[in-house]
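*Asks:* Got a structure for you, written out below as structure tokens; questions coming shortly.
No lab work stands behind these numbers, since they all come straight from the coordinates. Since we're looking at a predicted model, the values are computed, not measured. All Cβ positions, glycine included, derive from the backbone under ideal geometry; neighbour counts span all protein chains shown.
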């Protein structure tokens, strides 16, 4: 049975995704032979899935035909290859993902988005030097606050937390309304053991995102790592409570369990994420919050099943 609305609380934060989806659906209806319209539709659906607002099966059932249609209409449209790369990446089809990402860049070398997605792919493959170089190229094409969030994510996976912090701190002003920026800055602070700062910026991210589950897992993890198990448990119980009526990504719950030292329960959630083919597992091999899990037999087994390429 599909759970009601299939989403964690946060209707206002979701609004921008729904508006994008509606706009792209209208574009497809009004111009069904337009490759960009079909590509935009696929992108909107993938975004809704990545932010845990619609089920994977609903997103892929519509996104894959849309991107196939886009490619059939225009084999030279670079963004279609980038979005197809995201789909292949999400399916853990590593070789096809790289082929599509590089093709997207070849066709549109000035696309910051295409280069950022390829940098994320390279990070997941533990090819950090290449990832940072590609991300620098992406940032040169987009020096906005969002561009800084993008390049900071690559430094995060490369375990360069001071660089990540230095990139984001100047942007974290009182009038900043970028939830993702505060989220990624919180991740850097956690890794640098600056827990008071981490919790402060995470509270801002939680507020701006309307308690989106992707960010609730972060603040719960921050509380646990700070030793505030009472607050971490409150966040955990809130997330678990929503499981009965809406979707909460199991990897986000695993983050909180890990911070509480409950590794078996964290692994239960990661196994559940594998069954659901959760988006976050593409980065599980390089996620700093699971560094301490790499010697655990169940974690090794999970990595083996996802079949990451050998380093």
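*Asks:* One-quarter of the Cα convex hull surface for the range 72-176, in nm²?
*Replies:* The Cα convex hull of the range 72-176, projected and averaged over all directions, gives 7.2 nm².
*Asks:* Moving on to the next point. Would you mind giving the average projected area, over all directions, of the Cα convex hull of the range 211-311 in nm² with one decimal?
*Replies:* With every direction weighted equally, the projected area is 6.2 nm².
*Asks:* Right, another one. Hey, for a label at residue 305 modelled as a point 7 Å past Cα toward Cβ, could you say which residues of the range 268-295 have their backbone N under 11 Å away?
*Replies:* 268-278
*Asks:* Related question: Compute log10 of I(q)/I(0) for the chain with the Debye formula, placing one identical point scatterer on every Cα and leaving out solvent, at q = 0.08, 0.14, 0.15 Å⁻¹, to two decimals.
*Replies:* -0.34, -1.15, -1.34
*Asks:* Just want to confirm a number: the relative contact order over the range 211-311, from Cα pairs under 8 angstrom separated by 6+ residues, in percent.
*Replies:* 22
*Asks:* Treat each spin label as a single point 7 Å out from the Cα along the C-beta direction, and report the residue 61 to residue 275 distance in nm.
*Replies:* That separation, rounded to one decimal, is 2.0 nm.
*Asks:* Moving on. Given only helices, namely DSSP H runs of n ≥ 4 each adding -39500 (n - 2.57), what is the per-residue ellipticity at 222 nm of the chain, to the nearest 500 deg cm²/dmol?
*Replies:* Working: 16 runs with 217 residues, N = 311.
Taken over the chain, the calculation gives -22500 deg cm²/dmol.
*Asks:* Just need the relative contact order of the chain here, percent rounded to a whole number, with Cα pairs under 8 Å and 6+ apart. Spell out each step's value before the answer.
*Replies:* Values: 466 pairs, mean separation 49.4, N = 311.
Relative CO of the chain lands at 16 percent.
*Asks:* Across all directions of projection, what mean area in square nanometres is found for the Cα convex hull of the range 108-153?
*Replies:* On the way: hull surface 10.6 nm².
Computing the convex hull of the Cα atoms and averaging its projections yields 2.7 nm².
*Asks:* Sort out for me the Cα centre separation of the range 146-171 from the range 184-242, rounded to whole Å.
*Replies:* 18
*Asks:* Oh, and also: Using the beta-carbon distance between residue 237 and residue 29 and R0 = 41 Å, what value does 1/(1 + (r/R0)^6) give for FRET efficiency, to the nearest 0.05?
*Replies:* Approximately 0.40, to the nearest 0.05.
*Asks:* At R0 = 25 Å, how high is the FRET efficiency between residue 141 and residue 175 if r is their beta carbon distance? Nearest 0.05 is fine. If you can, show how the numbers build up before the last one.
*Replies:* Numbers: r = 25 Å, r/R0 = 1.01.
Computed FRET efficiency for residue 141 and residue 175 comes out at 0.50.
*Asks:* Per-residue counts of other Cβ atoms within 10 Å, averaged by peptide: what ranking do you get for 42-53, 278-289, highest first?
*Replies:* Most protected by this proxy first, the peptides run 42-53, 278-289.
*Asks:* Going by how many other Cβ atoms sit within 10 Å of their own, how do 108, 175, 292 line up, fewest first?
*Replies:* Final ranking by Cβ density, sparse to dense: 175, 292, 108.
*Asks:* Could you give me the radius of gyration and the Dmax of the range 175-233, taking only the C-alpha atoms into account and expressing both in angstrom?
*Replies:* When restricted to the Cα atoms of the range 175-233, Rg and Dmax are 10.2, 31 Å.
*Asks:* Does the range 14-79 come out rounded, prolate or oblate, given a ≥ b ≥ c as the square roots of the eigenvalues of its C-alpha gyration tensor, rounded meaning a/c under 1.5 and, failing that, prolate meaning a/b above b/c?
*Replies:* The shape class here is prolate.
*Asks:* Right, here's the next one. Round to a whole angstrom and tell me the spacing of the C-alpha centers of the range 81-139 and the range 278-311.
*Replies:* 20
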